[in-house]
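Read-outs throughout are calculated quantities, based only on the coordinates presented, and are distinct from any laboratory measurement. Predicted model, so just to flag it, every value in this text is computed and none were measured. For neighbour counting, all protein chains shown are included, and Cβ atoms are generated from backbone atoms with ideal geometry for every residue, glycine included.
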Amino acid sequence: MSAKIKIDVPEPAIQNTTLSQTGDTRGSAKISRETISTVSVAILCLLLLLSARFINPALGSWSQVETVLVLGFFLVVLSFGQGLVILTGGLDLSLPATVTLGGILATSWVGAGNPNEWYLLPAVLGVCALVGVASAVGVIWLRVPPFIMTMAMSIIVASGLLGYTSGTPRGGAPDAAVTMMKSQVLGLPTPIIALIVIVFAGGLFQSRSVYGRYLYAVGTNVDAARNAGVPVTLIRLLPYVLSAICAGFVGIALVGYSNGATLRMGDDYLLPSIAAVVIGGSSILGGRGNFLGTVGGALLLTILSTIIAALGLEFGLRTIIEGSIILIALLLLREELFQKLRSLGR
């Protein structure tokens, strides 16, 4: 029974047995599902961009596309970390507080007009990483459910920041953060260049690296992975740490983009970071995912929010519409639909 579970991992690093040798085609079906999911999300993004022209001709312009990509940069980075945690069967609800932690520490420790103190930014990411370590310790060793543990960490960090700032964050955006978000490279905004690099590197890391393959193995079956010699504890710990580092980085980037920090700056990113991963084809139960699909899901949600904001609707109505469209997208991309599509090709 355990041999079958090992085979189900994409390009398994656990053993050298191939699908063709065993006659098991579940791996190829999984690849087909992820491909269909990625293409479907890409088509939805294109349809939203084209339909936006009917709402406002400026929405489909290249400048608007650049804006979507710059705004999508934040969600893509967050979804990368969230996706790694979900791939192991966990969930990180501490992202909003960690985003805020990164932003507030960047403004208070470095601030504006201190170009020689840029070295403190890695220290900010280090503090954020400790949040991920604490979450991982609670989940792995204390056996607290990820939902509860990461929510508790979010409350602890948010409460600590409230006391640290006395309710009013102070300080300006670090020069390095402003340069990163406001400069251009080869005629493109730097965040778009960074987005391309992250998509390429993140895809290779999640799907092609040995560690990424171990993530799939652990998410598929922890006991089978442990019996196969996979360092399960380390594999489960790192996603929480990387997710926290991604959140801290987004907090620094948001400070550079908006020139300041607030105590609620990360609140709008929690549900979209989860929705982007799920819309992109990942299983919320772990063991299945595709970072390219997650990128498509993040851009889809960014385009959606941009269009809804352009309509000038009230916040409550905007939230209802956005949530309804996310639900429709999830229903359209559910497993049963992919099984029917695959059966048509047989």
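Figure legend: label point modelled 7 angstrom from the Cα of Leu188 along Cα→Cβ; residues of segment 200-226 with amide N under 11 Å from it are 200. Between Ala310 and Ala152, the modelled labels are 4.6 nm apart [label points 7 Å from Cα along Cα→Cβ]. With viscosity set to 1.306 mPa s at 10 °C, what whole-number translational diffusion coefficient in µm²/s follows for segment 51-191 from Stokes-Einstein and a Kirkwood radius over Cα pairs? Reported coefficient: 91 µm²/s. Rounded to whole numbers, the Karplus 3J(HN,Hα) couplings from phi for segment 207-216 are 9, 10, 7, 4, 4, x, 5, 5, 4, 4 Hz, using 6.51 cos²θ - 1.76 cosθ + 1.60 with θ = phi - 60°, and x at Gly and Pro. Here the average projected area of the convex hull drawn through the C-alpha atoms of segment 217-327 stands at 8.6 nm².
For segment 80-158, the Kirkwood hydrodynamic radius from C-alpha pairs, put into Stokes-Einstein at 4 °C and a viscosity of 1.567 mPa s, yields a diffusion coefficient of 97 µm² per second.
Using alpha carbon coordinates only, what is the Rg to Rh ratio of segment 185-239, with Rh defined as the Kirkwood radius?
On the way: Rg = 15.7 Å, Rh = 12.8 Å.
Rg/Rh for segment 185-239 comes to 1.23.
Sorted largest first, the spans of the alpha carbon positions of segment 143-187 along the three principal axes are 49, 29, 10 Å.
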